[in-house]
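The structure under discussion is supplied below as structure tokens; questions concerning it will follow.
The values are calculated or read from the model by the stated rules, or taken from the named source; none is laboratory data. Quantities reported herein were computed from a predicted structural model and do not represent experimental measurements. FYI the Cβ positions are ideal-geometry reconstructions off the backbone, even for glycines, and counts take in every protein chain you see. Note: accessible area is taken over every heavy atom of the protein model, side chains too, but ligands, DNA and RNA are not part of it. Shrake-Rupley method; radii C 1.70, N 1.55, O 1.52, S 1.80 Å.
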Amino acid sequence: MTNVLINAPKAAKKGEVIELKALILHPMESGFRPGTNGTIIPRNIIERVVATWNGKEIFRMDFSPAIAANPFVSFFAVAAESGKIAFRWTGDEGFAVEESVAIDVA
Amino acid sequence: MKVSRSKSQSPLTLPERMRWRPALALLPVVFAASFAMAQAGADKSASDTRRSGYQDMGAALQKMQDDDTANPGMLYVQLGEQLWAKPAGAASKACADCHSVADMKGVAARYPAIPENSDRPIDLEGRIQLCRASHQQAERLAPESRDLLSLAAFVARQSRGLPIAPPDDARLAPFRSEGEAIYRRRQGQLNLSCAICHDDNAGKKLAGVTIPQAHPTGYPIYRLEWQALGSLKRRLRNCLVGIRAEAYPYEAVDYVALEVFLMGRAKGMPFEAPGVRP
Amino acid sequence: MLRASLLAALLLMPLATAGRAQGTSAGTPVSYTVVDDAIPRPLTASPGDASRGRAIVANRSVGLCLLCHSGPIPEERFQGTLAPSLGGAGTRWSVAQLRLRIVDGSRLNPDTIMPPYYRTTGLVRVARAFEGKTILTAEQIEDVVAYLATLKEQ
Amino acid sequence: MPGPKKGATRRTFLAGAAVVSVLPLGAARATPEAMAAAIKEVVGDKPIREGRVTLDIPPLSENGNAVPLTVSVDSPMTEGDFIRAIHVFNEKNPQPHVLDARLGPQNGKASISTRIKLGDSQKIVAIAETSKGEFFSASADVIVTLAACVEDLT
């Protein structure tokens with residue numbers, strides 16, 4: 001099941017600054033919260049998201065447990081060339097999800 | 001697309017996932033109607049003092065709900081869209097084999113309703129469970145499970161912007177009365193009723209929180225307190241816990257009666273699902 | 001007027017007696033006597049402590065008071081607007097009147113939204129965890145009364 | 001987090017988690033001092049100047065579980081003059097360093113948005129690092145409303 005929503009324009013003019021937004025389903029369990037039995041629920045967070053444009057890194061963000069559940073991130077990028085914008089989230093318990101969208105740059 | 005997890009939880013094969021990508025990409029376009037448009041299009045007279053909980057939220061949360069690319073409820077709508085098309089149960093049938101997505105327009109805005117060959121109302125989640133049992137021959141989904149909420153969110157999303165329109169069915173009247181009786185009954189150690197807070201004191205502050213009028217305009221909602229999507233039943237349970245009353249079990253008919261009453265009370269108000277609430 | 005109040009007190013007596021019959025374990029109400037619109041005698045042998053009472057009032061999950069009321073407790077930022085400010089409560093009411101209003105305000109106004117802090121009967125669908133228990137203990141009620149009595153300023 | 005700071009910051013995150021597993025919750029709260037220390041870890045002894053950074057966060061949040069925030073920095077974002085990193089810090093969450101975003105000229109605009117958890121009302125600080133190694137900051141005070149009723153844990 002796809003647990004990711006990426007929002008990026010389908011097409012952009014070369015040199016245009018576009019906004020990229022991404023949402024991912026993840027509990028971001030902080031490791032500070034007691035569960036129903038009173039013991040602390042183990043930490044389970046996404047630690048990092050890296051965005052690439054045709055394989056070249058354009059943005060990364062390291063998360064702490066203070067990032068909200070189902071993390072949302074948005075940033076900007078200069079439309080340089082047609083191709084693939086990919087997001088890769090990695091974190092605790094071997095979490096690794098990659099998702100990409102295509103963009104036409106003219 | 002690549003999904004790798006040490007504890008893999010993806011029941012779909014890769015080709016299946018690929019197949020649904022184009023539909024997913026269309027999501028924001030298909031459902032672009034904003035809540036502002038919904039408000040404008042709603043049939044509300046000037047003397048109507050009813051307010052959606054949306055109107056009691058700050059600008060930041062209103063924006064979170066309105067922007068489909070920022071509303072976390074849309075993650076579940078997307079999951080629901082995938083489940084909608086996925087065969088399930090012994091009949092190996094998908095929702096999509098019987099219904100078009102377009103047919104779902106307005107459905108969530110008129111539930112709870114009494115299904116064929118029955119004399120009792122069921123809510124939207126109940127309708128999904130009934131379809132699973134009778135048409136898909138699939139097991140019941142657990143209350144508040146991600147799959148059930150996602151399917152409900154996907155169906156509810158098709159009614160965004162439409163006025164809440166309970167069915168004109170006289171058989172619902174006794175259930176509406178029962179729901180109203182529960183709404184007005186004092187319960188729990190704190191001896192409070194729904195009406196005491198949400199009719200008599202709506203708009204005032206309970207601690208720092210504005211008490212809403214309790215119109216179920218956006219269910220299932222993404223509640224920040226839950227950090228997840230949840231049903232109207234879960235929200236009702238929260239209130240019951242708050243007044244230290246024994247919550248009804250999820251299967252209780254009492255909830256459906258309350259839902260019939262509340263949806264009747266919100267008749268004509270625009271449907272917002274998936275709503276975002278604090 | 002006085003006769004009517006006394007009559008009311010007498011009518012309420014059987015309820016109080018019934019309370020006593022339930023025993024004295026923690027959470028089970030001790031009996032009390034309503035005179036006019038007040039409970040003149042403390043619920044406990046030792047007097048309430050105003051500073052403990054303040055802490056109970058300030059605590060959202062113990063006293064619950066600030067969910068509905070505001071009060072002169074500046075460190076608690078979010079206070080309710082459903083009910084009158086607690087400021088001046090000690091001027092508006094006597095200790096005995098405060099006691100009844102907390103113990104069971106519904107005896108004075110059946111439509112009150114004030115929860116009955118010291119009643120276990122006549123309640124519907126109480127959560128199992130709270131069944132047969134009062135919201136506050138007799139000691140806590142006396143502490144809260146002692147605190148509210150100190151609130152002389154509006 | 002490229003460069004020598006990576007390990008240090010990462011250790012900070014993990015150390016916080018480890019402490020909590022053995023101490024009561026209250027012991028792991030970040031403090032203004034912990035925030036200052038976390039900032040020093042990123043900035044070193046370089047001066048931090050006010051300005052150029054805009055921290056957009058609602059002054060009042062109805063729920064601390066997801067507080068939207070945007071940090072924008074005034075920068076041409078050219079090869080010779082760009083914003084290299086944006087950091088966000090807080091005073092009262094268990095760990096003071098909330099996020100570390102890495103940018104470059106390819107971003108065109110130095111602006112990021114996300115949502116953070118805030119357990120209580122507190123001060124938030126955003127710090128931007130320029131390609132020339134300068135640091136600029138902005139801060140905001142956020143009031144987080146406490147939930148009136150808590151979720152059923154059963």
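Return the average number of partner chain Cβ atoms within 10 angstrom of each residue Cβ along peptide B:237-244.
Counting Cβ atoms of other protein chains within 10 Å of each residue's Cβ and averaging gives 6.
Using protein heavy atoms only (no ligands, DNA or RNA), what is the total accessible area buried between D and A, 1.4 Å probe, nearest 100 Å²?
Using a 1.4 Å probe, the pair buries roughly 2700 Å².
Next question, about the same structure. Filter the cross-link list A:K21/B:K233; A:K56/D:K123; B:K105/B:K267 down to pairs whose alpha-carbon distance in this structure exceeds 25 Å.
A:K21/B:K233; A:K56/D:K123
Hey, another quick one. Quick one: which residues, 5+ away or cross-chain, put their amide H under 5 Å from the amide H of B:A165? H built at 1.01 Å from N.
For B:A165, whose amide H was placed from the backbone, the distant partners under 5 Å are B:R110, B:G268.
Could you order peptides D:30-40, D:54-64 by the average number of other Cβ atoms within 10 Å of their residues, highest first?
Averaged packing, sorted descending, gives the order D:54-64, D:30-40.
Further question: Once the convex hull of the C-alpha atoms of chain A is built, how many Å³ does it hold per residue, rounded to a whole number?
Hull volume over Cα atoms, normalised by residue count, gives 91 Å³.
Taking the C-alpha atoms of segment B:190-243, how large are the radius of gyration and the largest Cα-Cα span, Dmax, in Å?
Computed over the Cα atoms of segment B:190-243, radius of gyration and Dmax are 11.4, 30 Å.
Need one number: % antiparallel among DSSP beta bridges in segment B:170-277, to the nearest 5.
Of all bridge pairs located within segment B:170-277, approximately 65 percent are antiparallel.
I need the peptides B:63-73, D:128-138 ranked by packing, meaning the mean over residues of other C-beta atoms within 10 angstrom, with the highest value on top.
Sorting B:63-73, D:128-138 by mean packing, highest first, produces B:63-73, D:128-138.
Name the long-range amide H neighbours of A:I40: under 5 Å, sequence gap of 5 or more, or other chain; modelled H, no Pro or chain starts.
A:G35
Whose amide H sits under 5 Å from the amide H of D:S61, counting only residues 5 or more places off or on another chain, with H placed in the peptide plane?
Answer set, sorted by chain and number: D:I143, D:V144, D:T145.
How shielded is D:118-127 by partner chains, expressed as the average number of their Cβ atoms within 10 Å of its Cβ atoms?
Per residue, the average neighbour count from other chains is 1.
Then there is this: Which longest run of chain A has no exposed loop site in it, a site being trypsin sites (Lys or Arg not before Pro) in a DSSP loop with at most 14 other beta carbons within 10 Å, and the site itself not part of the run?
The reported range is A:15-106.
Report, as a whole number in µm² per second, the diffusion coefficient that Stokes-Einstein gives for segment B:170-277 at 25 °C and 0.890 mPa s using the Kirkwood radius over alpha carbon pairs.
For these conditions, the coefficient is 171 µm²/s.
Which whole-angstrom value gives the distance between the alpha carbon centres of segment B:199-253 and segment A:1-62?
29 Å
Also: Between their Cα atoms, which of D:K40/D:K117; A:K84/D:K109; A:K84/D:K117 are more than 27 Å away from each other?
Pairs exceeding 27 Å: A:K84/D:K117.
Provide a list, ordered by number, of residues in segment B:251-278 showing at least 10 Å² less accessible area with every protein chain present than when their chain is taken on its own, using a 1.4 Å probe.
By number: B:P278.
Now, a different point. At a probe radius of 1.4 Å, figure out the B/D buried accessible area, summed over both chains, and give it in Å² to the nearest 100.
1600 Å²
Using θ = phi - 60° and the Karplus curve 6.51 cos²θ - 1.76 cosθ + 1.60, what whole-Hz ³J(HN,Hα) does each residue of segment A:45-56 get, with Gly and Pro shown as x?
With the stated coefficients, segment A:45-56 comes to 10, 7, 9, 7, 10, 10, 10, 10, 10, 6, x, 9 Hz.
Same structure, new question: Please turn the phi angles of segment C:58-69 into ³J(HN,Hα) values with the Karplus equation 6.51 cos²θ - 1.76 cosθ + 1.60 (θ = phi - 60°), one per residue in order, whole Hz, x for glycine and proline.
Using θ = phi - 60°, the values come out as 6, 7, 5, 9, 10, x, 6, 4, 6, 5, 9, 9 Hz.
Residue farthest toward the positive end of the dipole of segment C:110-154, with Cβ of Lys/Arg at +1 and Asp/Glu at -1: which of C:A127, C:Q140, C:L151?
Checked the options; the winner is C:A127.
Over the whole of B:186-198, what's the average partner chain Cβ count within 10 Å per residue? Rounded to a whole number, please.
For peptide B:186-198, the averaged partner shielding equals 6.
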